[in-house]
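The values are calculated or read from the model by the stated rules, or taken from the named source; none is laboratory data. These numbers come from a predicted model, not from an experiment. Every residue, glycine as well, gets a Cβ built from its backbone with ideal geometry; the counts of neighbours run over all protein chains shown.
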Amino acid sequence: MSDKPSLLRFDALQEVVNIGGGHAATALSKMIGNKVEMDVTFVELLPYEKVYETIQSDDTIVKAVLSKLIGREYGVFLFVIDPEDAEALAHIVLPDNDELSEGLIDSALTELSNILVQSFLQAVMQLIDKPLFASVPVMTMDMFGSILSSVYMAQSQFSEEVFIIKNNFYSSGRIIEGSLYFVPKPKVLEQLLKELGI
Amino acid sequence: MSEQIKVGISDYKLATAPNQLVTIGLGSCVGIALYAPESKIGALSHIMLPDSSSFSDTSKWAKFANLALPNIVNELREQTKETKILAKIAGGASMFTFTNESQTLQIGLRNIEAVKATLTELEIPIVSEHVGGKMGRSMYVDLNDFNVKVRMVNREEFIL
């Protein structure tokens, strides 16, 4: 992002992501049969250093699932979760298995992330009245810093400051926490807001 | 007492033994450890991009391999009066690979190439490297002996 969005546009963006995230939370709670709550959408321009200080340390090991928008290449979604929480989630959706292999956990996680992204997109499609498609997701487990910086760079975001847009999801009862990031290509946010008439 | 000096993304630091230079979470970025063996002074650079030529704003020169390395090497040579500088490099991964992506688009690979080309131009030998692949890396540079540890998730530590 070359120019910082004005306050009104910031609010509008936050609202769009909030609507998408809310839709995703509902879909996830149906899937896991447990209430899923969401924090207020996080929208902030931050230097990497601050991201690692305030959101997640760069050396934290996480599982991350990446889905690309195709057709309209607006950017990517990145679902980030602690490996233990990923395992707990997998046990909820695959309750008949006592022991889950890493492969099963990862495919359950990938599918859950896919559902989050697809339901997020459904809600946003209704807002902008244009079709949006996401690719088949890919997953990895690595350091948060390696993943985040590489994902921003792959979207041609080369600034020392990154525009962080994310929803945090929690499942009540058991504390399972995950974050869905949207990483836009440059100028995409302006374009999206224009399509919303803002 | 030795200190651990952390180098962030698009940044670099110079330090002297017995201190350690560290950079965490290299993905497609490349970490370049440079060392003047007589004075035991070294530098660690964490570049993000291969080349500055398509960017209008190059004030953050430490971000680009083609600008960062000549500058840092100059600084190191001036400070130590040593001409023989050594390099060890790590990083340049492709963290996520979609099957339909061509290799030419992968920033990690382009970063590795640019770092190697720039170091060749500066006549600095790459003593050892751990580059490419799909995994993130952290670098720990010991300035006493230029021992460089590369740490990865679920893999054995690699000593450069």
Which condition breaks for B:K40 when tested against (1) more than 14 Å from every other protein chain (Cβ to nearest Cβ); (2) on the phi < 0 side of the Ramachandran plot? (2)
Collect the residues in region A:9-24 that are in contact with a helix residue (DSSP H, G or I) (Cβ under 8 Å, 6 or more places away or on another chain) and among the aliphatic types (A, V, I, L, M), keeping them in residue-number order. A:A12, A:L13, A:V16, A:I19, A:A24
So how many residues does region A:132-171 have that are within 7 Å of chain B (Cβ to nearest Cβ), aliphatic (A, V, I, L, M) and over 18 Å from A:Y74 (Cα atoms)? 3
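Can you find a residue that is within 14 Å of chain B (Cβ to nearest Cβ), touching a Phe, Trp or Tyr at 6+ places or on another chain (Cβ under 8 Å) and surrounded by 20 or more Cβ atoms within 10 Å (Cβ to Cβ) anywhere in region A:120-129? So that I can check it myself, show each step before the final result.
Here is the first cut: in region A:120-129, the ones within 14 Å of chain B (Cβ to nearest Cβ) are none.
Taking every residue of region A:120-129 in turn, none turns out to be within 14 Å of chain B (Cβ to nearest Cβ), touching a Phe, Trp or Tyr at 6+ places or on another chain (Cβ under 8 Å) and surrounded by 20 or more Cβ atoms within 10 Å (Cβ to Cβ).
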Boolean, A:E195 is at pLDDT below 90, surrounded by fewer than 17 Cβ atoms within 10 Å (Cβ to Cβ), under 13 Å from the mean Cα position of the chain (by Cα) and over 17 Å from B:F96 (Cα atoms): no
Can you find a residue that is more than 9 Å from chain A (Cβ to nearest Cβ), within 20 Å of B:K40 (Cα to Cα) and out of contact with any Leu (no Cβ under 7 Å at 6 or more places or on another chain) anywhere in region B:88-102? yes
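Is it true that A:E73 is within 25 Å of B:M152 (Cβ to Cβ) and out of contact with any strand residue (DSSP E or B) (no Cβ under 7 Å at 6 or more places or on another chain)?
Working: within 25 Å of B:M152 (Cβ to Cβ): no; out of contact with any strand residue (DSSP E or B) (no Cβ under 7 Å at 6 or more places or on another chain): yes.
No, not satisfied.
Just need a number here: residues in region B:77-96 that are in contact with a Gly (Cβ under 6 Å, 6 or more places away or on another chain) and surrounded by 22 or more Cβ atoms within 10 Å (Cβ to Cβ).
Going through region B:77-96, the residues in contact with a Gly (Cβ under 6 Å, 6 or more places away or on another chain) turn out to be B:90-95.
Still in the running and surrounded by 22 or more Cβ atoms within 10 Å (Cβ to Cβ): B:90-93, B:95.
Result for region B:77-96: 5.
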Over region A:59-81, the set of residues within 13 Å of chain B (Cβ to nearest Cβ), in a loop (DSSP other than H, G, I, E, B) and modelled with pLDDT under 95 is A:E73
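When you scan region A:43-61, how many residues do you find that are more than 13 Å from A:L180 (Cα to Cα) and touching a residue at least 12 places away in the same chain (Cβ under 8 Å)?
At the first step, the residues of region A:43-61 found to be more than 13 Å from A:L180 (Cα to Cα) are A:44-54, A:56-61.
Narrowing the set further to residues that are touching a residue at least 12 places away in the same chain (Cβ under 8 Å) leaves A:44-48, A:51-52, A:56-61.
Qualifying residue count for the region: 13.
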